[in-house]
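See structure below.
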Amino acid sequence: MSRPTEKLRLLTERVLDDDIVFDIMTRLPVKSLIRFRCVSKSWYSTITNPIFIATHFKLNEAKSLSNKNSHNGYLLYTPVTKSYYFHKELRTLVYNRDRTVTEISRFITPFPICDAFMNCFCNGIFCLDRCDENNGDHMIYLWNPSIRKFKMLAPPLLTDPCDSATLGLAYHSQKNDFKILRLVSFLGPLGEPDPPTEAEVYTLSTDSWRKVVSAELSDPNAGRLSHHSPHIFFNGALHCIAANKHCSFILSFDINDERFHKIMLPLDLLDLYQSYLTVFKGSLAYIIISNHRATGGIMCHLWVMKEYGVAESWTRKCVPIDWFHHFHGCTDNGELLITICMELISIDPENLLQNSLIMESNIRWAGYAANSIESLVLLDGVNVSSEYED
């Protein structure tokens, strides 16, 4: 034990009562708390206590939100190098107000990036989907890079014979818990209607799955899910795109009461090439990428729902772009994040200014987070340490 750490332990034991020590420790960074587990049995017990982990998370969440005005959020990506199979790295960049980026961390992922899909993330926790090479089964993991821990979840209850399941990860603030929504679509016999989509929810606090029955899903016209657009967590609900023979719509799932709702999309889908859900300046938004027949180029149609849940409040702005590979989200100040020729750029839809953010030969996965939260989540469960390099 280092001399400063030993002095700190003696000071807290002799002078401060338990409540004051608890309060001080909840304000310490994760890296320090991981080290301080070795100071004494009482410190280990405190740091690994679920109440302490929840309190520390809440304080870090509030601190992260208070720092939002100092930057434009965070860019996260996994690069692909020549050693594609063995490369396992997640990089985090802060997007500065002057539109430059600064790398702040590199984490070793639990698996090679070609072996696991970075499905979704929320409040510093990542959900990974990995296919077993031997039997083809999909294994779902939660990963907290800030403490280098990952957890393999229990197998889902619903089978997925057509590999058609979608996952959404959300933070349930009222319960200080994380939930995963898993939706499975099925193909019916040729010429017959498809069976209804089924749903199940995983709760981290109980470490278990349970099926969710909903009239919205059992409706014969409920439709199938779009597997190209990830779930978006916004306004306390997960959102994904679904479609039936009549129209496309947004299927939302309220994390608190676990009820599904339909939100109608704009009727004019144009010459649709790709579509995505996102959050634009605090509002739910729908991105449509289409061919621009007049110029032969590509047009990005940015539909913004000014009043949440009100279909009549959709408004559109057209943004011409030179080329397009993939859409990754919107920054808090309203810039669009897309990859063009394997380069991640931002586009300001107001003045059409483009800014190169990441220059890589190839980007396996990229995402955006408005805030960066380091936490001790997954520390108190049955976890396996992932590889770590300083």
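Structure above, values below:
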{"read-out": "Residues satisfying the stated conditions in the stretch 198-215, i.e. touching a Lys or Arg at 6+ places or on another chain (Cβ under 8 Å) and part of a loop (DSSP other than H, G, I, E, B)", "value": "204, 205, 214"}
{"read-out": "Any pair with Cβ under 7 angstrom, 6 or more apart, that starts in the stretch 332-359 at a residue that is free of Cβ contacts under 8 Å to residues at least 24 places away in the same chain and under 16 Å from residue 80 (Cβ atoms) and ends at one that is among the charged types (D, E, K, R) and surrounded by 15 or more Cβ atoms within 10 Å (Cβ to Cβ)", "value": "342/360; 359/343"}
{"read-out": "Single condition residue 76 does not satisfy, out of (1) farther than 18 Å from residue 330 by Cβ; (2) at pLDDT 80 or above", "value": "(1)"}
{"read-out": "From the options 315, 339, 331, residue that is modelled with pLDDT of 90 or more, buried (at least 19 other Cβ atoms within 10 Å of the Cβ), under 28 Å from residue 251 (Cα atoms) and polar (S, T, N, Q)", "value": "331"}
{"read-out": "Those residues of the stretch 345-368 which are modelled with pLDDT of 90 or more, of a type outside the set (S, T, N, Q) and in a strand (DSSP E or B), in sequence order", "value": "345, 347, 357, 368"}
{"read-out": "Count of the stretch 167-212 residues which are among the β-branched types (Val, Ile, Thr), farther than 16 Å from residue 125 by Cα and in contact with a strand residue (DSSP E or B) (Cβ under 8 Å, 6 or more places away or on another chain)", "value": "4"}
{"read-out": "Selected residue (criterion: nearest to residue 58 (Cα to Cα)) from residues of the stretch 342-373 that are buried (at least 20 other Cβ atoms within 10 Å of the Cβ) and not hydrophobic (A, V, I, L, M, F, W, C)", "value": "368"}
{"read-out": "In the stretch 311-335, the residues that are polar (S, T, N, Q) and in a loop (DSSP other than H, G, I, E, B)", "value": "331, 333"}
{"read-out": "Hey, residue 304 surrounded by 19 or more Cβ atoms within 10 Å (Cβ to Cβ) and in contact with a strand residue (DSSP E or B) (Cβ under 8 Å, 6 or more places away or on another chain) or not", "value": "yes"}
{"read-out": "Qualifying position, being touching a Pro at 6+ places or on another chain (Cβ under 9 Å) and over 19 Å from residue 378 (Cβ atoms), among 200, 192", "value": "200"}
{"read-out": "Selection count where residues are surrounded by 13 or more Cβ atoms within 10 Å (Cβ to Cβ) and not in a helix (DSSP H, G or I), scope the stretch 34-79", "value": "14"}
{"read-out": "Filter pass, residue 95 being open to solvent by less than 20 Å² (accessible area, probe 1.4 Å) and either modelled with pLDDT of 90 or more or more than 21 Å from residue 377 (Cβ to Cβ) (or both)", "value": "yes"}
{"read-out": "Any hit, the stretch 283-305, residues being outside any strand (DSSP E or B) and either outside the structural domain of residue 177 (by the TED database) or modelled with pLDDT of 95 or more (or both)", "value": "no"}
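The values are calculated or read from the model by the stated rules, or taken from the named source; none is laboratory data. Fair warning: this is a prediction, and the values are worked out from it, not measured in the lab. Note that each Cβ is placed from the backbone with ideal geometry, even for glycine, and that neighbours are counted across all protein chains shown. Accessible surface areas use protein heavy atoms only, side chains included; no ligands, DNA or RNA. Shrake-Rupley method; radii C 1.70, N 1.55, O 1.52, S 1.80 Å.
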